[in-house]
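Below is one structure; the comments refer to it alone.
The values are calculated or read from the model by the stated rules, or taken from the named source; none is laboratory data. Fair warning: this is a prediction, and the values are worked out from it, not measured in the lab. Every residue, glycine as well, gets a Cβ built from its backbone with ideal geometry; the counts of neighbours run over all protein chains shown.
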Amino acid sequence: MKLPPGKIPIDILQEVVFKNLGAERKEVVIGPKAGVDCAVLEAGDKAIVISMDPITGANERIGWLAVNVNANDIATFGVEPAFLFSCLMLPEGAEKSVVENISTQMNSAATELGIAIVGGHAESTPALTHAIVVACAMGITPKGKYVTAAGAKAKDKIILTKSAGIEGTAILASDRITELKKALSPAELKKAQDFYRKISVVKDALTAYKTGGVHAMHDPTEGGVAGGIHEMADAAGLGMHVFQENISVEPETAKICGFFDLDPLQLIGSGALLIAAESEKAQEIIESLRQGQIRASVIGEFLADKNQRLLTSKNGETHVLPRPASDHLWKALSRQ
């Protein structure tokens, strides 16, 4: 079986990866689980939340993304990201300027979020065609003071901050600029490239968590909003009903997706945050986010029946919410 680009399919994770996890340790409170982006270790009266993600589908702003994407995972637990390790793998023959560019981006992003970069590795790697950055972020919190992506409950409202396909929009507007000049004006391209400024959900997540009533949070990375909702439902053993008309898609995202024939709901979506919240607290959370200049809306709810995975489209028809086989970013990047 040949693997698709991007994340390994969930069935292979469960059949292979999750069955080969080394020794059991009592400090591990949360280990690898589908849909849950962080591990939790306990040390004394503290819990250490840890996440690791690579950046593989971007050339521009790769260092910036590496910090923010990993910080986002920590924040979805309601925990402030504090420390970061990084591994830089560069193509053979890469110039010193590439190392400097990535390192400067990482420093800028980490400083903005209050994160210390505390270690890692850098190398020139045979056979690579472009740089890859793998990062590991950590946050510390009192024991039990966090939520996970697996905590959603039936009848919880699903809140989405910002819009769909934020990261994918920024990547394509930066890395496929020549092609997109055919479809977007210079002003539209510049605005789409600036979507990088929206990548962080640290403020979104910490604001929501502090408001109360949050059962679970998840940032939709590979697979976009559609993939992220499925991952939350998988982790909690629930179904869901989502309403497409409530999911914001920015005009620049819509134009880019139209040009490459992509579904914005299946386009890598770092920068948005999915929140499962008690029904009676949903509007209070949305208001707290609004006061922090973060747009949010209820896009659906979780259902007790795990086999119901529904999307009501803008024309009123209800069908199964697509589960991305591969992020639609790869569909665009593979186009010659």
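May I ask you to say which residue of THR111, THR129, THR141 is farther than 12 Å from SER86 by Cα, part of a helix (DSSP H, G or I) and hydroxyl-bearing (Ser, Thr, Tyr)?
Values: THR129 fails: part of a helix (DSSP H, G or I); THR141 fails: part of a helix (DSSP H, G or I).
From the options THR111, THR129, THR141, the qualifying one is THR111.
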Kindly provide the set of residues from the stretch 163-185 that are free of Cβ contacts under 8 Å to residues at least 40 places away in the same chain and either within 19 Å of GLU222 (Cα to Cα) or assigned to a helix (DSSP H, G or I) (or both), ordered by number. ILE177, THR178
Output the residue which, of all residues in the stretch 294-314 that are more than 20 Å from the chain's Cα centre (by Cα) and within 19 Å of GLU250 (Cα to Cα), is surrounded by the most Cβ atoms within 10 Å (Cβ to Cβ). SER313
Inter-residue pairs, beta-carbon under 9 Å, first outside the structural domain of ASN68 (by TED's automatic domain parsing) and in the stretch 46-58, second surrounded by 22 or more Cβ atoms within 10 Å (Cβ to Cβ) and not aromatic (Phe, Trp, Tyr), 6+ apart: none
If you scan the stretch 52-69, which residues turn out to be closer than 18 Å to LEU329 by Cβ and crowded, with 24+ Cβ neighbours inside 10 Å? ILE55, ALA58, TRP64, LEU65, ALA66, ASN68, VAL69
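How many of the residues in the stretch 231-263 are of a type outside the set (Phe, Trp, Tyr) and either assigned to a helix (DSSP H, G or I) or at positive phi (or both)?
Within the stretch 231-263, the first condition is being of a type outside the set (Phe, Trp, Tyr), and the residues that meet it are 231-242, 244-258, 261-263.
Filter again for either assigned to a helix (DSSP H, G or I) or at positive phi (or both), leaving 231-237, 244-246, 251-258, 261.
Total meeting the criteria: 19.
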Could you grab me the full set of residues in the stretch 235-269 that are surrounded by 20 or more Cβ atoms within 10 Å (Cβ to Cβ), β-branched (Val, Ile, Thr) and either within 13 Å of LYS162 (Cβ to Cβ) or within 18 Å of the chain's Cα centre (by Cα) (or both)? ILE247, THR253, ILE268
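The rows are residues; the columns are (1) under 30 Å from THR253 (Cα atoms); (2) buried (at least 19 other Cβ atoms within 10 Å of the Cβ).
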site	(1), (2)
ASP73	yes, yes
PHE77	yes, yes
ASN107	yes, no
LYS143	no, no
LYS157	yes, yes
THR161	yes, yes
GLY165	yes, yes
Every pair of residues 6+ apart whose Cβ atoms lie under 7 Å, when the first sits in the stretch 186-214 and is at positive phi while the second is crowded, with 24+ Cβ neighbours inside 10 Å and modelled with pLDDT of 95 or more: GLY213/ALA277; GLY213/ILE285
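Filter the stretch 2-33 down to the residues that are part of a helix (DSSP H, G or I) and without any contact (Cβ under 8 Å) to a residue 40 or more places away in the chain, then identify the one that is farthest from GLU222 (Cα to Cα).
Residues of the stretch 2-33 that are part of a helix (DSSP H, G or I), as a first pass: 10-15, 17-19.
Filter once more, keeping what is without any contact (Cβ under 8 Å) to a residue 40 or more places away in the chain: 11-15, 17-19.
Working: ASP11: 16, ILE12: 17, LEU13: 15, GLN14: 18, GLU15: 21, VAL17: 18, PHE18: 20, LYS19: 23 Å.
Only one residue tops the list, namely LYS19.
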Which of the residues belonging to the stretch 223-260 are within 22 Å of ASP305 (Cβ to Cβ) and among the aromatic types (Phe, Trp, Tyr)? PHE243
Do the conditions hold for ALA272, that is, is it buried (at least 23 other Cβ atoms within 10 Å of the Cβ), under 21 Å from LYS210 (Cα atoms) and not charged (D, E, K, R)? yes
Can you tell me which residue is surrounded by the fewest Cβ atoms within 10 Å (Cβ to Cβ) among those in the stretch 315-334 that are in a loop (DSSP other than H, G, I, E, B) and among the hydrophobic types (A, V, I, L, M, F, W, C)? ALA325
Taking the stretch 131-167 and keeping residues modelled with pLDDT under 95 and touching an Asp or Glu at 6+ places or on another chain (Cβ under 8 Å) leaves ALA149
